[in-house]
Amino acid sequence: MVKTKRTPAPPQQMVNSIAPLGAQRFYLPIVALFSLLCFFPSVFHSFLNWDDQLYVLNNSMVQTLNGNALVEMFTSTFDGHYHPFIMLSFAIDHAIAGNNPWFFHLVNIILHAFNAMLVFALIKKLSGNGFAAFVAALLWAMHPMMAESVAWVTARKDVLYGFFYLASLLAYINYLEIGKRKFYFIALLLFVCSAFSKEQAAFLAPSLFAIDYMKGRKLLQKKVILEKIPFFLIALVFGLAVMYAQKETGYIKPLSGETVSFANRVILGSYGFIMYLFKWIVPYNLSAYYPYPFDSLKAAPATFWLSVIVVPLVVFLLFYLPRKSKELTFGLWFFILNIFVMLRFLQANPGDFYIADRYMYIASFGLIFIVAFIVKKIQEQKKNTRNLLLFGLILIVATSATTTVMRVMVWKDSMTLLNDILDKHPNAYTALNCRGDLFLESGNLNAALSDFDKAVKLNSTNDRAFANRGRARAMSGNMEGAMQDLDRAVSLNQKDPANYVNRGIAKDLLGDYQSALADLNRAVKLQPSFADAWVVRGDINSHTGDFQSAIKDYNQALKLVPEKASAFAGRATAKSNMNDFNAALSDFNTAEKLGLVSPVMYYQRGLNYYKMQKFQQALQDFSQTTKLQPSNGMAWAYRGFANYNLGNYQQAISDLDQATQLNPGFDLAYAMRGMAYIRNGMASRGCADLRVAANLGNKAAAAEYERTCK
């Protein structure tokens, strides 16, 4: 009898026996599901004043999805970047859901879930181990450092470029495995899409060599090199476009004047590299902003020089590891290739940040691949040891997911995020600027000024800090200090239209309308798509009585941003002053529906109702004004006038008491209170008020006094 030789199971099948084959079909949906669940709370979050307003709410390309906007997306830079796919994705979101933040957040979460599945697919292809890919993809998807890229709307750049980047790598691997050229061209097309989403995509080109290495190809082979030329050419084109964009906005500064020395850049780069690794391994004290750990314009403290040791250590590992482990070499190379240019070796501006969690979104794939390799090794251990180690992995995944959910909640609104940054980094002047803005919007002038004072003190070359403090000083009545700050902001950055807008607002408050208009003309010339500039110019024209020009400016703002509530409110005021009351009312109501809550808007709509003799509606708006702005004497006066016309004489007297205390020289308030006293049977008090009004120059009050009191 001939014995049949038993063929042993391939090593990979034996390794994978830790999980039943039937369970492996659920790896991919589980990765997607947990990715969605971990970040789902962000669906209920709001937009932030941490660039969301710049990229979405006040961005004319996003607010109007039409042919002109599409052309602008692909032919212009934005905020020092060239990423038309980001503008297009936001515009599509807006076209579907308007300015509802939940939809923008949902798209980020869905993209991240797709990316987690792509990470799983890539690791499985590169390692040949489904369970290791499953664990690694879960850890990658739910790592706390991912919170910034997913929970922040503006970080759509990371999840979108990441999607195309990972898909391009997968197509390239298919090309290597199957050999069909179509996969090569698909990889190239996906790379272009990734580059249209974020400039970091350029580092896919050198990363392909790491893929080649992992797949056992000879890197110096002619075919291998020629295949990369189209990728490197595309990377070069997009790299030059970004350099141009950043030079135009001042992100890239010449190596002269106030700049970070070469020595400090070496230290910041080395220290940043260490901190990326440390925070990825131990995600403690994460922040949306990491200011330089020392004054970059002075010699770095001696302790930071120790970080430079990391550079020769990494070089040693890159030459040593290939003899020990292909997987470790690939992981480290991939990480370095995708994080190196984000370090501060090449460019560092004074007062900037030195690391950012979002920069790890793709770079961390290299580190998570190393984790997959470790998991694979764990599977090869004896059963007892393996079970203990796997229990540890489960604990790590659960802890990571919990920490990530907590980190996501930090991004729920602007104040929560900014307080988190400033609790960890009290000297983060960028966060102080943004928090000061929030205080300013809520009417807390003292808190706003305190934050702006600190921001100016921390960085005396930052024009935004001076511009913001100038606005706050103007609102507090310190016009001399406001003009000093606003002039300083313009001198620091003459290319920022916002500086001219802010100075124009201050000049408008001073009654210097012609000079204010000159600043606004400069702003709209610098940036014709700046909707806020058109709104403010409309306000100034309205204040000069040129209501027709004001309406043209508001119309231009609405052409750029069709849901610009302040433009509707301004146009309504101009129409009301032209006695077009019904059209004005329609615009006022639209502004309110768009979410504008402003004492000025309620006061102006109240005046519009008052002129229409709709006193009950006027009373409601004036009441809302006094609630939001108790110091508005005119609102108290007109609330009193409305109550008088409704026959509520006692309430009218109470309102006009407030008005005369806040604005003692307002003759009409005394006259109307006098009439309310007389109608309420208190003639002597009424006559006294009429006499005061007459002495203030009110001829109608003088005539009424002669007729009633003598």
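The values are calculated or read from the model by the stated rules, or taken from the named source; none is laboratory data. On a predicted model such as this, the values are computed, not experimentally measured, just so you know. Backbone-built Cβ (ideal geometry, glycine too); neighbour counts: all protein chains shown. SASA here: full protein model, heavy atoms, side chains in, ligands and nucleic acids out. Shrake-Rupley method; radii C 1.70, N 1.55, O 1.52, S 1.80 Å.
For residue 393 and residue 650, the difference between the fully extended length at 0.36 nm per residue and the C-alpha to C-alpha distance is 85.1 nm. State whether the stretch 471-607 is rounded, prolate or oblate according to the following rule on the C-alpha gyration tensor (a ≥ b ≥ c being the square roots of its eigenvalues): a/c under 1.5 gives rounded; otherwise a/b larger than b/c gives prolate, and the remaining case gives oblate. The shape class here is prolate.
Given their separation in residues at 0.36 nm each and the Cα-Cα distance between them, residue 453 and residue 593 gain 46.8 nm when the chain is fully extended. Return the label of the correct value of Rg and Dmax of the Cα atoms in Å, as calculated from the structure shown, out of (1) 36.4, 111; (2) 28.4, 106; (3) 32.0, 140. From the options (1) 36.4, 111; (2) 28.4, 106; (3) 32.0, 140, the structure gives (3).
Take the cross-link list 575/699; 298/457; 215/324; 525/552; 575/614; 222/324 and give me the ones stretching past 19 Å between alpha-carbons.
Violating the 19 Å limit, Cα to Cα: 575/699; 222/324.
A simple spin-label model places pseudo-atoms 7 Å from Cα toward Cβ; at residue 74 and residue 406 they are separated by 4.7 nm. Angle of helix 565-577 to the longest C-alpha principal axis of the chain, folded into 0 to 90 degrees and rounded to 10: 20°.
Remark on the chain: 38, 193, 434 stand apart, with no other cysteine beta carbon under 4.7 Å. Here the label points at residue 657 and residue 96, each 7 Å from Cα along the C-beta direction, are separated by 5.7 nm in the simple model.
Assuming 0.36 nm per residue, please report the length gained on full extension of the stretch residue 318 to residue 263 beyond their Cα-Cα distance.
17.4 nm
In the context of the full set of protein chains, the stretch 454-523 has a per residue accessible area of 46 Å² (1.4 Å probe).
Please state the charge dipole magnitude for the chain, taken about the Cα centre, from unit charges on C-beta atoms (+1 on K and R, -1 on D and E), reported in debye and rounded to the nearest 20.
3180
Working from label points 7 Å from Cα in the Cα-to-Cβ sense, the residue 225 to residue 310 distance is 3.3 nm. An oblate overall shape is assigned to the stretch 463-530, the ratio a/c of its alpha-carbon gyration tensor axes (a ≥ b ≥ c) being 1.5 or greater and a/b not exceeding b/c. Round to the nearest 0.05 the FRET efficiency obtained for residue 181 and residue 479 when R0 = 56 Å and r is the Cβ-Cβ distance. Once the sixth-power term is evaluated, E becomes 0.20.
Pull out a ≥ b ≥ c, the square roots of the eigenvalues of the alpha-carbon gyration tensor of the stretch 88-163, then state rounded if a/c is under 1.5, prolate if not and a/b is larger than b/c, and oblate in the remaining case. It is prolate, given that a/c is not under 1.5 and a/b is the larger ratio. For a paramagnetic label modelled on residue 274 (point 7 Å from Cα along Cα→Cβ), amide N atoms under 14 Å away belong, within the stretch 297-341, to 300-314.
Any chance you could give the angle, 0 to 90 degrees and rounded to 10, that helix 667-679 forms with the longest Cα principal axis of the chain? Taking Cα atoms only, the helix is inclined about 70 degrees. Of 157/495; 124/326; 125/180; 412/559, which sit over 20 Å apart, Cα to Cα? Correct reply: 157/495; 412/559.
Once the Cα atoms of helix 414-424 and of the chain are each reduced to a long axis, what angle between those two axes, in degrees from 0 to 90 to the nearest 10, is obtained? Helix 414-424 and the main axis of the chain meet at about 60 degrees.
Heavy-atom accessible surface of the stretch 257-324, averaged per residue, reaches 55 Å², computed with a 1.4 Å probe.
The local environment of residue 220, defined by Cβ-Cβ distances under 14 Å, has a net charge of +3 under the rule Lys, Arg +1 and Asp, Glu -1. Each Cα pair under 8 Å and six or more residues apart adds its separation to the average, and for the stretch 400-501 the resulting relative contact order is 18 percent. Computed over neighbours whose Cβ is under 15 Å from that of residue 635, the net charge equals 0, Lys and Arg +1, Asp and Glu -1. What does the charge add up to near residue 506, with Lys and Arg as +1, Asp and Glu as -1, over the other residues with Cβ less than 12 Å from its Cβ? Result for the neighbourhood of residue 506: -1. Of all the accessible heavy-atom surface of the chain, with the other protein chains kept in place and a 1.4 Å probe, what percent is carbon and sulfur? For the chain, the apolar C and S fraction of the accessible surface comes to 61 percent.
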